[in-house]
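Engineer: Okay, here's the structure, questions in a sec.
The values are calculated or read from the model by the stated rules, or taken from the named source; none is laboratory data. Predicted model only: the values in this text are computed from it and were never measured. Cβ placement follows ideal geometry from the backbone for every residue including glycine, while neighbour counts extend to all protein chains displayed.
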Ligand SMILES: [Zn+2]
């Protein structure tokens, strides 16, 4: 299965219980792919064998083992071929990194790819996203209808990071690190029971998942309509967070903090 856009073809590779490793086909070098967040090597190697493709580069959004755990084995497998750059945030917890990026334009000219790298702290402090060709690879910061847990950052940092992503063009395709959409929508509808776009999206996600298909990619335009964590400035979301907290909240970052804590305990 492939997801086509005018510039990029991106394939999901499933890993662990609900991770996606995204394989981006090089628009310039047919048969070469870039892997985003390969937490496991085996399913990537299987897809490379199946499709006859070769790995040309690895992009990493953050240091968690379910996003970087397959890198060393993929590099061992490719030994002898051209060296494979491993590109991600500067972080001592990513020992396999060969090139650190922060806020810059990452050019991979041989592959015909270029991405803006966006620092988006919150889930982890060094978390980055890759944005280019109308696609966003955002790891565990933005999920469809939800967002990642704040393991290292503060609500102010995480809310600012989500605002950075929200400001990208609405047609941007959103490639997240996990298939959490259905569970996230249950929470989104607890926050906003009358959100018609979220109700409609829940129906289409249920159909896709029943057919064994990923719910991703989403689009930013859709996320802005359905994702409560991108809607902290909306009065209806603020009222719901205030009702949950039992007190007045002062601005979107406080609303975000209440929503994130509410979701942490939500079943
Ligand atoms: Zn993570």
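Engineer: If the Cβ limit is 6 Å and pairs must be 6+ apart or interchain, which residue in segment 134-148 that is over 21 Å from residue 113 (Cβ atoms) pairs with which residue that is assigned to a strand (DSSP E or B) and more than 13 Å from the ligand (Cβ to nearest atom)?
Structural biologist: 144/218
Engineer: Among the residues that make up segment 81-98, is at least one of them touching a helix residue (DSSP H, G or I) at 6+ places or on another chain (Cβ under 7 Å) and in a strand (DSSP E or B)?
Structural biologist: Taking segment 81-98 as the starting set, the residues that turn out to be touching a helix residue (DSSP H, G or I) at 6+ places or on another chain (Cβ under 7 Å) are 84, 86, 94, 96.
Adding the requirement that they be in a strand (DSSP E or B) leaves 86.
Scanning segment 81-98 turns up at least one residue that is touching a helix residue (DSSP H, G or I) at 6+ places or on another chain (Cβ under 7 Å) and in a strand (DSSP E or B).
Engineer: Then there's this: For the subset of segment 33-80 comprising residues that are part of a helix (DSSP H, G or I) and within 16 Å of the ligand (Cβ to nearest atom), which member is surrounded by the most Cβ atoms within 10 Å (Cβ to Cβ)?
Structural biologist: Taking segment 33-80 and keeping what is part of a helix (DSSP H, G or I), we get 42-51, 65-68, 71-77.
Filter again for within 16 Å of the ligand (Cβ to nearest atom), leaving 65-68, 71.
On the way: 65: 11, 66: 18, 67: 26, 68: 24, 71: 24.
Selected residue: 67.
Engineer: Continuing with the same structure: Is there any pair with a first residue in segment 65-88 that is at pLDDT 95 or above and a second that is buried (at least 21 other Cβ atoms within 10 Å of the Cβ) and assigned to a helix (DSSP H, G or I) whose Cβ atoms are under 7 Å apart and which are 6 or more apart or on different chains, and what are they?
Structural biologist: Pairs found: 70/44; 74/44; 86/71.
Engineer: For segment 119-135, what are the residues that are crowded, with 20+ Cβ neighbours inside 10 Å, assigned to a strand (DSSP E or B) and within 16 Å of the ligand (Cβ to nearest atom)?
Structural biologist: 128, 129, 130
Engineer: Then there is this: What is the one condition in (1) modelled with pLDDT of 95 or more; (2) surrounded by fewer than 19 Cβ atoms within 10 Å (Cβ to Cβ) that residue 20 does not satisfy?
Structural biologist: (2)
Engineer: I'm told residue 265 meets every condition in (1) within 20 Å of residue 123 (Cβ to Cβ); (2) in contact with a strand residue (DSSP E or B) (Cβ under 6 Å, 6 or more places away or on another chain) except one. Can you identify the failing condition by its number?
Structural biologist: So the condition that residue 265 fails would be (2).
Engineer: For segment 168-217, give me each residue that is under 16 Å from residue 142 (Cβ atoms) and out of contact with any helix residue (DSSP H, G or I) (no Cβ under 9 Å at 6 or more places or on another chain).
Structural biologist: Scanning segment 168-217 gives 175, 176, 180, 183, 217.
Engineer: Looking only at segment 154-173, how many residues end up being within 16 Å of the ligand (Cβ to nearest atom) and surrounded by 21 or more Cβ atoms within 10 Å (Cβ to Cβ)? Walk me through how you get there before you give the answer.
Structural biologist: First, pick out the residues of segment 154-173 that are within 16 Å of the ligand (Cβ to nearest atom): 157-158, 161-162, 165.
Subset that is surrounded by 21 or more Cβ atoms within 10 Å (Cβ to Cβ): 158, 161-162, 165.
Count: 4.
Engineer: Can you pull out the helices (runs of 4 or more DSSP H) entirely within segment 183-255 that have at least 1 residues that are within 20 Å of residue 159 (Cα to Cα)?
Structural biologist: Values: elements: 196-210, 220-226, 235-245.
Ranges flagged: 220-226, 235-245.
Engineer: Residue check: is residue 147 within 27 Å of residue 87 (Cβ to Cβ), surrounded by 21 or more Cβ atoms within 10 Å (Cβ to Cβ), at pLDDT 95 or above and touching a helix residue (DSSP H, G or I) at 6+ places or on another chain (Cβ under 6 Å)? Spell out the reasoning first.
Structural biologist: Working: within 27 Å of residue 87 (Cβ to Cβ): yes; surrounded by 21 or more Cβ atoms within 10 Å (Cβ to Cβ): yes; at pLDDT 95 or above: yes; touching a helix residue (DSSP H, G or I) at 6+ places or on another chain (Cβ under 6 Å): yes.
Against the criterion (within 27 Å of residue 87 (Cβ to Cβ), surrounded by 21 or more Cβ atoms within 10 Å (Cβ to Cβ), at pLDDT 95 or above and touching a helix residue (DSSP H, G or I) at 6+ places or on another chain (Cβ under 6 Å)), residue 147 qualifies.
Engineer: Return yes when residue 267 is farther than 27 Å from residue 13 by Cα and modelled with pLDDT under 95 and no when it is not. Break it down into steps so the answer makes sense when it comes.
Structural biologist: Values: farther than 27 Å from residue 13 by Cα: yes; modelled with pLDDT under 95: yes.
Taking the combined requirement at face value, the residue satisfies it.
Engineer: Also, I was wondering about something else. Taking segment 71-99, which residues are closer than 20 Å to residue 119 by Cα and within 19 Å of the chain's Cα centre (by Cα)? So that I can check it myself, show each step before the final result.
Structural biologist: Of all residues in segment 71-99, those closer than 20 Å to residue 119 by Cα come to 85-99.
86, 87, 88, 89, 90, 91, 94 - these are the residues of segment 71-99 that are closer than 20 Å to residue 119 by Cα and within 19 Å of the chain's Cα centre (by Cα).
Engineer: Select from segment 81-113 the residues that are under 18 Å from residue 55 (Cα atoms) and exposed (fewer than 13 other Cβ atoms within 10 Å of the Cβ) and list them in ascending order.
Structural biologist: Residues satisfying the conditions are 81, 82, 83, 99, 107, 109.
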